[in-house]
Amino acid sequence: MILAIIILAVLICLFLTIQYSLFLPPVKGLPILMYHKVSLDSNDALTVSVENLERQFKYFSEHNYINLPLGQIIDKSNVKLPKRVFVLTFDDAYLNNLDYLYPLLQKYNYHVTIMLPVGFIGKTNEWDGGSEPLMDYEQLLSMDSRYVSFGLHTYNHASIKTMDIAAIAADIEKCKRELNDHGIKFLPVLAYPYGRFPKDEGKKEAFFELLKTSGIVCGMRIGNKINKWPLRDRYEVRRIHIKGDESFWKFKTRIRKGHVKML
């Protein structure tokens, strides 16, 4: 009986260690969180409910986390990070961000950078066959810059990994031109759709050089890791994907340690 209890305890500890990195210390650095949609009452891999999002924001507030706007850190390397810090980013500019995220930003005095798939502004998420509305230019402009800034997410939400360098250059310039034409101020950051970018060393070097000459100072993948500070690889900045269908324990593990192992 005692042996069975010991074995069970060992198995539980092993599970928690694998699943939640239970006995590993928090990782020092800069966690940049990536979200997509907010729903009134549903959760899935790309959607977090208002209730769960507010629970997360309340956790940050109650545990003295500092929310840093992305614009404050992307071109700085000599800033000393607070002990507990996080950056908020949302991809795709869904209308539900205005309906449900924006009021919470105002309530908690937090700032988010929304990554814009410029060619779909005012349309729907056609790139994945969906019909969910995205904000239009008037709605984007209606949000206070104290709470919201914008970044690039390509023009057609296409995978940069499959595009040639000339096409990527044209895409970036098209994004910049259209946003400027509509009076949208944006940060010189590019969030890679699907987190993908060229990995072949030759093309990767050319891609990063293109970003530099295009004035892009920060390129963002996924990676689900906390970034070491100061940032080293500014075109491979990692974001942590926060999923609505994961437990609150996993959320707390992600913001403290980054990666959560999935069994």
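Please treat every number below as a calculation from the coordinates, not as lab data. As the structure is a computational prediction, the values presented were derived from the model and not from experiment. In this analysis, Cβ positions are derived from the backbone assuming ideal geometry, glycine residues included, and neighbour counts consider all displayed protein chains.
Here are the numbers for this structure:
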quantity	calculated
Computed label-point distance, nm, for sites SER142 and THR213 using a 7 Å Cα→Cβ extension	4.1 nm
Prolate/oblate/rounded call for segment 75-222, Cα gyration tensor, a/c under 1.5 rounded	oblate
Amide H partners (placed H, <5 Å) of ILE222, local residues excluded	ARG239
Helical segments meeting 20 Å axial Cα length and Kyte-Doolittle -0.5 threshold in the chain (DSSP H)	2-20, 165-181
Long-range HN-HN contacts of VAL85 with modeled amide H, under 5 Å	ILE66
Ranked packing of 74-83, 163-172, most packed first, by mean Cβ within 10 Å	163-172, 74-83
Cβ-placed point charges (K, R +1; D, E -1), dipole of segment 27-257 about Cα centre in debye, nearest 20	1480 debye
Mean ellipticity per residue at 222 nm, deg cm²/dmol - from DSSP H runs of n ≥ 4 across the chain, formula -39500 (n - 2.57)	-10000 deg cm²/dmol
Kirkwood-Stokes translational diffusion coefficient of the chain, alpha-carbon pairs, 37 °C, 0.692 mPa s, µm²/s	169 µm²/s
Shape of segment 16-119, Cα gyration tensor, a/c cut at 1.5	oblate
Above-threshold pairs, the threshold being 21 Å between Cα atoms, out of LYS58/LYS243; LYS123/LYS176; LYS204/LYS250; LYS37/LYS107; LYS225/LYS252	LYS204/LYS250
Length added when fully stretched, GLU54-ASP75, from 0.36 nm per residue minus Cα-Cα	4.6 nm
Spatial separation of Cα centroids for segment 28-83 and segment 201-237, in angstrom	21 Å
Derived scalar couplings ³J(HN,Hα) [segment 137-146; Karplus, 6.51 cos²θ - 1.76 cosθ + 1.60; whole Hz; x for Gly, Pro]	5, 4, 5, 4, 6, 6, 8, 5, 5, 5
